[in-house]
Amino acid sequence: MGVSPEKGNDCPEGGEPDEALVARCRGGDATAFEALFERHHGRVFRLAVHILRDRENALDAVQETFVRAYRSLDRWTGEGSFGGWLTRIAANLAVDGIRRRRRNERVEVRGDQGEVVELPAPHRTPEQSAEGGELRGQLERALARLSPMQRVVLVMKELEGLSCEEIAATLRCSVGTVMSRLHYARLKMRRMLGRQGLRGPA
């Protein structure tokens with residue numbers, strides 16, 4: 001089951017409903033799960049790559065999302081959309097990946113009194129930023145400095161176009177929590193980008 005991020009249709013016209021495909025999967029029909037993968041993997045990839053900011057890690061997250069979904073099909077009750085359920089799995093995997101990466105990137109040194117001083121991981125060099133475009137580099141650095149959940153809600157809102165209600169349902173938290181995280185994410189982005197003479201999300 002290869003990943004082709006450029007393909008994938010969330011709702012093909014005349015296609016079999018997700019509910020029917022899931023029922024067939026539960027009955028042992030492997031082709032039904034292939035159909036679900038083709039339908040939804042594009043959206044899962046877009047979410048993962050925006051959060052993780054790395055294509056290879058995003059592809060791994062897509063594969064792991066569908067592996068977990070296949071193993072947990074009985075847990076999907078049909079109350080929400082199957083796509084939303086997949087998005088929640090992918091978002092949780094992406095957040096876990098960010099947290100692991102941040103733990104690995106911490107550099108521990110000792111001060112004069114033996115106290116631990118944590119230094120951030122090195123940023124991209126100016127040459128690396130120039131390769132991808134200075135603006136893109138500044139946006140990525142600002143996005144990387146958000147907390148994992150702030151980044152998730154900002155990506156889902158600004159890039160995926162989901163409503164606060166949809167994000168709350170996907171992440172299983174309150175709308176108020178989503179709005180709070182979104183507010184502080186936008187505030188941080190405006191502050192960081194403002195120092196560079198750029199405008200952050202409104």
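The values are calculated or read from the model by the stated rules, or taken from the named source; none is laboratory data. Computed from a predicted model, the values in this text were never measured in an experiment. Glycine gets a Cβ as well: all are built from the backbone with ideal geometry, and neighbour counts include every protein chain shown.
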Report task. Go through Glu19, Glu56, Glu38, Glu34 for me and flag whichever is under 22 Å from Leu139 (Cβ atoms) and among the charged types (D, E, K, R). Result -> Glu56
Query raised in the report: Within the stretch 38-86, how many residues turn out to be over 22 Å from Glu165 (Cβ atoms), at pLDDT 90 or above, within 11 Å of the chain's Cα centre (by Cα) and among the β-branched types (Val, Ile, Thr)?
Result: 1
Requested in this report: Would you check if there is a residue in the stretch 97-109 being modelled with pLDDT of 65 or more and surrounded by 18 or more Cβ atoms within 10 Å (Cβ to Cβ)?
Outcome: yes
Query raised in the report: Pairs, please: C-beta under 7 Å, at least 6 apart or cross-chain, first residue under 16 Å from Cys173 (Cβ atoms) and in the stretch 76-95, second assigned to a loop (DSSP other than H, G, I, E, B) and among the acidic types (Asp, Glu)?
Result: none
Query raised in the report: What tally of residues in the stretch 22-53 results from selecting those that are part of a helix (DSSP H, G or I) and surrounded by fewer than 16 Cβ atoms within 10 Å (Cβ to Cβ)?
Result: 5
Report summary line: The correct count of residues that are in contact with an Asp or Glu (Cβ under 7 Å, 6 or more places away or on another chain) and among the charged types (D, E, K, R) in the stretch 27-45 is 2
Query raised in the report: Between a first residue in the stretch 163-189 that is without any contact (Cβ under 8 Å) to a residue 40 or more places away in the chain and over 17 Å from Leu86 (Cα atoms) and a second residue that is not in a helix (DSSP H, G or I) and not acidic (Asp, Glu), which pairs have beta carbons less than 6 Å apart while being 6 or more apart in sequence or on different chains?
Result: Ala185/Leu146; Arg186/Pro201
